[in-house]
Amino acid sequence: MRWGPFALRIGAVAMELLVAAILVLSILPLATGGLEINTPEGASAVSLQDGVLTVGFPLEVYNGGYFDIDDVKVSIALDANGTVLRSTSETMNVRSGMVNHLDPTFSFDLGDLEPAMLASMLFERSEMVLDIDVEGKYALGLVGANVSYQRTVDWEPLVSSLVISPGEPSWEENGTAIDLLVRYSFDASSLLQGMETGMELTLLG
Amino acid sequence: MVVPVLLLLSVTSLLDGAGGEEFVSQLALPELTTMVAALGMVVVALSFFRGFYPQGSMSRMAFGVASMAAAGVWLWTFAKGGSILLEGGDMELGIDYTAIVLLLLGAVALRGAFYVAEMLSYRKEWLAARS
């Protein structure tokens, strides 16, 4: 037996068999519907606090394959006329052979926006480009995949139908000052409901 | 070498039949099939000449190493360099399997090294047979 050539040939065959086994074990379960993604009814949560818009998308992912799906990251970007709000979820792992409960959360700090853009988002209906990007690694990290989904979505203003009734102000003297009562009304997004509202008026004369 | 070409032809035919001409175009499958067939013939030709020479000869080793080098190029071409990108409508899918391709290239390199080891191992017998 010539051990040198034999060892090299066995090594080559072993590597080929290893790759073949990884390919079969990774592709077959996924190709035969071994990956299921469910969204629990009404589980998504959107909140706005201290100028930070937080969106949560709880997911139930069943991985019927033989390998974990590692380093799964979801990025969401909103592009409005060149201004981008971007948020990336924490890295998640989808274990094989079980249902995984994932809770990717995305936070958008509206304070990062320019005042004019923030005002536009607050008061105006517009179109935005929503870009969702999902990436992860599979088959012991040997295969990486990236899925991007992009579409234009309608942005509903957080405050609409603002009506100020300056025609019938009532006022009363308060010492040396005058208290002026101005009635106003507006429709608010559910995100804003329950929050305090302030208004600043400047009288010019 | 025949199986990958048949596989590529089948995938092209299936995608064409299922309305996936866009993916056929994005993956450049017709050009890829031609390249894989051409490079495959180079590998077959080099392997054929390798078989002419006895174990221990430099010629066998040279053709063996050259055939494995060509097989490496063939594999890299067939695997499209280890990554593909598909775009359709609003979606884009990218798959990076460079590590898998590198593992297979490692196996090809071992096969190339085998011909060097085989020449060294059988060299004395070959020299003795010549004298």
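I'm trying to understand the selection: among the residues of region A:90-122, which are without any contact (Cβ under 8 Å) to a residue 24 or more places away in the chain, more than 23 Å from A:Ser190 (Cβ to Cβ) and not charged (D, E, K, R)?
Passing the criteria: A:Thr91, A:Met92, A:Pro115, A:Ala116.
Any residue at all in region A:14-35 that is in a strand (DSSP E or B) and surrounded by 12 or more Cβ atoms within 10 Å (Cβ to Cβ)?
Yes, some residue in region A:14-35 is in a strand (DSSP E or B) and surrounded by 12 or more Cβ atoms within 10 Å (Cβ to Cβ).
Taking A:Leu140 and the conditions (1) within 14 Å of chain B (Cβ to nearest Cβ); (2) assigned to a strand (DSSP E or B), which numbered condition does it fall short on, given that it satisfies the others?
For A:Leu140, the exception is condition (2).
List every residue pair whose Cβ atoms sit under 9 Å apart, with the two residues 6 or more apart in sequence or on different chains, where the first one lies in region B:70-87 and is closer than 14 Å to B:Leu39 by Cα and the second, anywhere, is among the aromatic types (Phe, Trp, Tyr).
Within 9 Å, the pairs are B:Ala79/B:Tyr97.
Within the bounds of region B:83-101, is there any residue that is at pLDDT 90 or above, touching an Asp or Glu at 6+ places or on another chain (Cβ under 6 Å) and part of a strand (DSSP E or B)?
yes
Going residue by residue through region A:19-39, is there one that turns out to be in contact with a helix residue (DSSP H, G or I) (Cβ under 6 Å, 6 or more places away or on another chain) and either within 14 Å of another protein chain (Cβ to nearest Cβ) or of a type in the set (Gly, Ala, Ser) (or both)?
Looking through region A:19-39, at least one residue is in contact with a helix residue (DSSP H, G or I) (Cβ under 6 Å, 6 or more places away or on another chain) and either within 14 Å of another protein chain (Cβ to nearest Cβ) or of a type in the set (Gly, Ala, Ser) (or both).
The values are calculated or read from the model by the stated rules, or taken from the named source; none is laboratory data. Source: prediction; values computed, not measured. Cβ atoms come from the backbone with ideal geometry, glycine included; neighbour counts cover every protein chain shown.
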